[in-house]
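S.K.: Submitted below is the structure of interest, expressed as structure tokens.
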Amino acid sequence: MIALGSDHAGLPLKKEIIAMLEEKGIAYHDYGTYTTDSCDYAMFAQRAANAVVSGECERGILCCGTGIGISIAANKVKGIRCCACSDCFSAKMSRVHNDANMLAMGARVVGPELARMIVENFLEAEFEGGRHQRRIDQIAAIERGETL
Ligand code: RB5
């Protein structure tokens, strides 16, 4: 199950991703927004991020104008590692090295075909573990307020 979220600016790209997930038979839950009325992205980022952290959804995909604001908001939720990506290599490596559980993209940055490829890379790549797990554990320690 994939958690989706966007603001008004990211909505067209989220719709493209929904079409892609439906073509592939991948289940998703869309946490809004659902209209092009101007809105603030933080609440939608939080709702989708909470679904990932609770285990209700395995991963999440967020869209706003740049992918930046919504990724920053999602990363405020404990346990979220959300990467704003505009290329396939970064999307793949966000999984392989960083065990990213959310991907963010900007509708004003990437076109629909590139976005589909980015999503494919994000969904197909697996975390490598090993020395990267230690680094993820250090990020979690920062979240707990520990000094490294
Ligand atoms: C909305 O205009 C825009 O600021 C927002 O979608 C996003 O790009 C912020 O990071």
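S.K.: Which numbered condition in (1) of a type outside the set (S, T, N, Q); (2) more than 15 Å from the ligand (Cβ to nearest atom); (3) within 28 Å of R131 (Cα to Cα); (4) in a helix (DSSP H, G or I) is the only one that E16 fails?
M.R.: (3)
S.K.: Is it true that some residue in segment 19-26 is under 19 Å from I68 (Cβ atoms) and either more than 15 Å from the ligand (Cβ to nearest atom) or part of a loop (DSSP other than H, G, I, E, B) (or both)? Steps first, please.
M.R.: Narrowing segment 19-26 to residues under 19 Å from I68 (Cβ atoms): none.
Within segment 19-26 (the criterion being under 19 Å from I68 (Cβ atoms) and either more than 15 Å from the ligand (Cβ to nearest atom) or part of a loop (DSSP other than H, G, I, E, B) (or both)), the answer is no, since none of the residues qualifies.
S.K.: Anything in segment 57-96 that is surrounded by fewer than 17 Cβ atoms within 10 Å (Cβ to Cβ), within 16 Å of the ligand (Cβ to nearest atom) and either in contact (Cβ under 8 Å) with a residue 40 or more places away in the chain or part of a helix (DSSP H, G or I) (or both)? List them, or say none.
M.R.: Once the filter is applied, which keeps residues that are surrounded by fewer than 17 Cβ atoms within 10 Å (Cβ to Cβ), within 16 Å of the ligand (Cβ to nearest atom) and either in contact (Cβ under 8 Å) with a residue 40 or more places away in the chain or part of a helix (DSSP H, G or I) (or both), segment 57-96 yields I68, I72.
S.K.: For segment 107-122, enumerate the residues that are surrounded by 23 or more Cβ atoms within 10 Å (Cβ to Cβ) and not in a helix (DSSP H, G or I).
M.R.: Once the filter is applied, which keeps residues that are surrounded by 23 or more Cβ atoms within 10 Å (Cβ to Cβ) and not in a helix (DSSP H, G or I), segment 107-122 yields only A107.
S.K.: Let me ask you something else. Within segment 97-127, which residues are in contact with a strand residue (DSSP E or B) (Cβ under 8 Å, 6 or more places away or on another chain) and within 16 Å of the ligand (Cβ to nearest atom)?
M.R.: Result: M102, L103, A104, M105, G106, A107, A115.
S.K.: If you take the residues of segment 17-32 that are in contact (Cβ under 8 Å) with a residue 12 or more places away in the chain and more than 15 Å from the chain's Cα centre (by Cα), which of them is nearest to C63 (Cα to Cα)? I'd like the intermediate steps shown before the answer.
M.R.: Of all residues in segment 17-32, those in contact (Cβ under 8 Å) with a residue 12 or more places away in the chain come to 17-18, 20-21, 26-32.
After this cut, where a residue has to be more than 15 Å from the chain's Cα centre (by Cα) as well, the list is 20, 26-27.
Working: M20: 15, I26: 18, A27: 18 Å.
Among those that are in contact (Cβ under 8 Å) with a residue 12 or more places away in the chain and more than 15 Å from the chain's Cα centre (by Cα), it is M20.
All of the numbers you see were taken from the coordinates with simple rules; none came from a lab. Quantities reported herein were computed from a predicted structural model and do not represent experimental measurements. Note that each Cβ is placed from the backbone with ideal geometry, even for glycine, and that neighbours are counted across all protein chains shown.
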